[in-house]
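Chemist: Would you mind keeping the following structure in view while I ask a few things?
The values are calculated or read from the model by the stated rules, or taken from the named source; none is laboratory data. As the structure is a computational prediction, the values presented were derived from the model and not from experiment. Backbone-built Cβ (ideal geometry, glycine too); neighbour counts: all protein chains shown.
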Amino acid sequence: MYDYEAMSKSEERILSSNASDFIGQTITLKGFVRIRRDHGKLIFLDLRDKDGIIQIVANSNVSKGAYGKAQLLRPEYAVEVVGRVNKRPEGAVNKDLGSAGTVEIEATSINILAEAQTLPFDMGASDLNLELPTLLDYRSLTLRHPRVASIFKIQDTIVSSFRSTLKKEGFTEVFVPTIVPTATEGGAEVFSLDYYGRKAYLAQSPQLYKQIMVGIFERVFTLAHAYRAEPSITTRHLSEYISLDVELGFVNSWKDLMDMAEKTIVGILGDVREKNMPELKLFNTKAPEIKKSIPRVKMREAQELIFKRTKTDHRQEPDLDPSDEKEICNWAKEETGAPFVFITHYPTKKRPFYTMPDQKDPDYTLGFDLLGINEEWVTGGQRINDYEMLLNNIKKWGNKPDNFEIYLQAFRYGMPPEGGFAMGLERITKDLLGLSNVREASLFPRDMERVDERLSASK
């Protein structure tokens with residue numbers, strides 16, 4: 001085992017991405033053994049750290065000690081390697097590894113930091129090729145695979161871009177509770193819990209609290225866990241997801257909200273293209289580029305377009321179904337080069353109680369969805385800011401005003417014209433990478449069949 005006392009205080013760990021800066025020098029690396037390949041008196045190791053993968057060579061003619069330790073190694077052993085950085089011959093450069101692929105480390109010592117048991121499947125393959133249940137059953141292990149881990153590197157970029165775009169626009173980040181006294185959006189799709197002898201709920205969204213915060217900071221955003229007790233299994237829904245929420249006050253028009261949503265999405269796509277090319281390459285995909293303004297189409301107009309294109313008649317339906325969303329995204333791509341389109345003016349009765357109706361056509365709302373890559377990415381709209389109107393709508397939607405006292409309080413004492421939007425982090429990630437199931441884009445997905453372990457397995 002590793003001798004911690006023997007380590008010099010002057011030793012500095014070098015990451016794989018920086019190793020090429022030290023050609024001809026001896027450096028220390030730490031990471032996990034991904035693959036071991038034996039070739040006579042040479043043992044090759046692929047060492048994985050947080051930045052990538054680098055090749056280690058243990059040569060019995062250079063260091064019998066390092067070679068002997070290398071013989072003991074198995075996949076996922078955690079190790080410390082000290083060795084000389086050598087430039088690879090031109091024909092041996094591994095371009096898939098970036099700068100780390102231009103060098104290899106000639107090991108002079110190897111210390112085992114932690115051992116690993118025999119793996120249940122091959123972690124050294126370029127793709128795990130596991131069925132989704134197995135992928136999730138071994139989640140703490142499969143997340144280590146470079147292709148799986150890259151999903152969450154892209155997710156990190158999405159969150160960072162979301163934050164930076166809004167910070168530049170003068171927004172303040174806030175943090176809101178997820179234990180709430182009533183269903184945020186109404187309906188029965190909520191998780192209830194015993195809260196000191198009283199019933200409370202897990203929030204369906206941070207909606208009500210971010211609206212309250214408009215009265216303090218005017219422009220706010222939050223990253224919040226949201227919960228939907230939907231008793232179904234689909235490829236696009238989770239029981240717990242990360243909601244990226246935005247709200248802004250003193251808007252001149254509800255169109256201001258679409259402008260901000262578009263700016264946010266354009267920023268996200270641009271940052272992913274700039275920062276995540278290696279990760280996108282693993283999935284053989286590209287982040288779309290929005291070069292023209294995203295078209296804005298009323299829902300009824302979209303249904304007419306779809307009917308003309310497909311002869312499928314959904315013109316009397318209160319919403320777009322998944323096939324409609326795909327078709328209107330296809331239309332948008334033909335028109336602008338990118339599969340993004342705003343759908344506006346959904347029926348009032350199909351939107352939450354706080355959504356502002358269109359004064360010119362009260363049966364429809366000043367609400368919108370941004371459809372991207374064939375499904376909903378963003379939902380938003382202008383909110384009702386008049387206290388009496390909001391109070392009446394709460395009653396009209398079958399809710400009790402007493403359950404919304406803190407929320408109504410903000411409007412009782414004056415709120416400006418305001419609105420906002422929200423997007424699901426996991427769904428955007430799924431669509432950008434072409435994943436077949438949104439569960440792949442959640443670190444530890446929750447659905448009606450799983451809370452870490454499959455519920456069927458615990459019966």
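Chemist: If I filter the range 421-440 for residues that are surrounded by 18 or more Cβ atoms within 10 Å (Cβ to Cβ), of a type outside the set (D, E, K, R) and closer than 15 Å to THR355 by Cα, do I get at least one hit?
Modeler: yes
Chemist: I've got another one for you. Going by the structure shown, is GLU11 more than 28 Å from LEU135 (Cα to Cα), part of a strand (DSSP E or B) and in contact (Cβ under 8 Å) with a residue 12 or more places away in the chain?
Modeler: Working: more than 28 Å from LEU135 (Cα to Cα): yes; part of a strand (DSSP E or B): no; in contact (Cβ under 8 Å) with a residue 12 or more places away in the chain: yes.
Answer is no for this residue.
Chemist: Among the residues of the range 19-44 satisfying the criterion of being free of Cβ contacts under 8 Å to residues at least 40 places away in the same chain and aliphatic (A, V, I, L, M), which is farthest from LYS69 (Cα to Cα)?
Modeler: Taking the range 19-44 as the starting set, the residues that turn out to be free of Cβ contacts under 8 Å to residues at least 40 places away in the same chain are 21, 36-44.
With the extra rule that they be aliphatic (A, V, I, L, M), the set shrinks to 42-43.
Numbers: LEU42: 12, ILE43: 10 Å.
Among those residues, the one meeting the criterion is LEU42.
Chemist: Restricted to the range 220-250, and to residues that are part of a loop (DSSP other than H, G, I, E, B) and of a type in the set (A, V, I, L, M), which residue is surrounded by the fewest Cβ atoms within 10 Å (Cβ to Cβ)?
Modeler: If we filter the range 220-250 for residues that are part of a loop (DSSP other than H, G, I, E, B), which is where we start, we get 228-239, 250.
Remaining after also requiring of a type in the set (A, V, I, L, M): 229, 233, 238.
On the way: ALA229: 16, ILE233: 12, LEU238: 22.
So, considering only residues that are part of a loop (DSSP other than H, G, I, E, B) and of a type in the set (A, V, I, L, M), the one surrounded by the fewest Cβ atoms within 10 Å (Cβ to Cβ) is ILE233.
Chemist: Closer than 24 Å to THR234 by Cβ, touching a residue at least 60 places away in the same chain (Cβ under 8 Å) and of a type in the set (Asp, Glu) - does that describe any residue in the range 371-380?
Modeler: Yes: one or more hits.
Chemist: Taking the condition part of a loop (DSSP other than H, G, I, E, B) and among the β-branched types (Val, Ile, Thr), does VAL82 pass? Quick ask: steps written out before the conclusion?
Modeler: On the way: part of a loop (DSSP other than H, G, I, E, B): no; among the β-branched types (Val, Ile, Thr): yes.
For VAL82, the condition - part of a loop (DSSP other than H, G, I, E, B) and among the β-branched types (Val, Ile, Thr) - is not met.
Chemist: On the basis of being more than 26 Å from LYS360 (Cβ to Cβ), of a type outside the set (Gly, Ala, Ser) and either surrounded by 13 or more Cβ atoms within 10 Å (Cβ to Cβ) or within 27 Å of the chain's Cα centre (by Cα) (or both), does GLU289 make the cut? First the steps, then the outcome.
Modeler: Working: more than 26 Å from LYS360 (Cβ to Cβ): yes; of a type outside the set (Gly, Ala, Ser): yes; either surrounded by 13 or more Cβ atoms within 10 Å (Cβ to Cβ) or within 27 Å of the chain's Cα centre (by Cα) (or both): yes.
It is true that GLU289 is more than 26 Å from LYS360 (Cβ to Cβ), of a type outside the set (Gly, Ala, Ser) and either surrounded by 13 or more Cβ atoms within 10 Å (Cβ to Cβ) or within 27 Å of the chain's Cα centre (by Cα) (or both).
Chemist: Take ASP452 and tell me if it is touching a strand residue (DSSP E or B) at 6+ places or on another chain (Cβ under 9 Å), surrounded by fewer than 18 Cβ atoms within 10 Å (Cβ to Cβ), more than 23 Å from LYS199 (Cβ to Cβ) and modelled with pLDDT under 95.
Modeler: Working: touching a strand residue (DSSP E or B) at 6+ places or on another chain (Cβ under 9 Å): yes; surrounded by fewer than 18 Cβ atoms within 10 Å (Cβ to Cβ): yes; more than 23 Å from LYS199 (Cβ to Cβ): yes; modelled with pLDDT under 95: yes.
Here the answer is yes, as ASP452 does meet what is asked.
Chemist: To continue, here is another question. Between LEU72, LEU47, which is closer than 30 Å to TYR138 by Cα, modelled with pLDDT of 95 or more, assigned by TED's automatic domain parsing to the domain that holds ILE23 and in contact with a helix residue (DSSP H, G or I) (Cβ under 8 Å, 6 or more places away or on another chain)?
Modeler: LEU47
Chemist: Applying the selection to the range 85-129, what residues are closer than 16 Å to ALA19 by Cα, among the acidic types (Asp, Glu) and in a loop (DSSP other than H, G, I, E, B)?
Modeler: The answer is none; no residue qualifies.
Chemist: Of the residues that make up the range 294-316, is at least one crowded, with 19+ Cβ neighbours inside 10 Å, in a loop (DSSP other than H, G, I, E, B) and at pLDDT 95 or above?
Modeler: There is at least one residue in the range 294-316 that is crowded, with 19+ Cβ neighbours inside 10 Å, in a loop (DSSP other than H, G, I, E, B) and at pLDDT 95 or above.
Chemist: Please enumerate the residues belonging to the range 317-330 that are out of contact with any Leu (no Cβ under 6 Å at 6 or more places or on another chain) and in a helix (DSSP H, G or I).
Modeler: PRO322, SER323, ASP324, LYS326, GLU327, ILE328, ASN330
Chemist: Across the range 350-383, what is the number of residues that are in contact with a strand residue (DSSP E or B) (Cβ under 8 Å, 6 or more places away or on another chain) and either closer than 20 Å to ARG315 by Cβ or of a type in the set (D, E, K, R) (or both)?
Modeler: 11
Chemist: Quickly run through the range 142-175 and pick out the residues that are in a loop (DSSP other than H, G, I, E, B) and farther than 30 Å from ALA125 by Cβ.
Modeler: GLU169, GLY170, PHE171, VAL174, PHE175
Chemist: To continue, here is another question. Filter the range 80-100 down to the residues that are free of Cβ contacts under 8 Å to residues at least 40 places away in the same chain and among the small types (Gly, Ala, Ser), then identify the one that is nearest to ARG147 (Cα to Cα).
Modeler: So the residue we want is ALA92.
Chemist: Please give the number of the condition ARG383 fails out of (1) surrounded by fewer than 22 Cβ atoms within 10 Å (Cβ to Cβ); (2) in contact (Cβ under 8 Å) with a residue 40 or more places away in the chain.
Modeler: (1)
Chemist: Shifting gears a bit: Which residue pairs have Cβ atoms under 9 Å apart, sit 6 or more places apart or on different chains, and have a first residue in the range 112-140 that is basic (Lys, Arg) and a second that is at pLDDT 95 or above?
Modeler: Going by the 9 Å Cβ cut-off, the qualifying pairs are ARG139/LEU443; ARG139/PHE444; ARG139/PRO445.
Chemist: Still on this structure, I have one more. So SER161 ticks every box in (1) in contact with an Asp or Glu (Cβ under 6 Å, 6 or more places away or on another chain); (2) small (Gly, Ala, Ser); (3) under 16 Å from LYS50 (Cβ atoms) but one. Which box is left unticked?
Modeler: (3)
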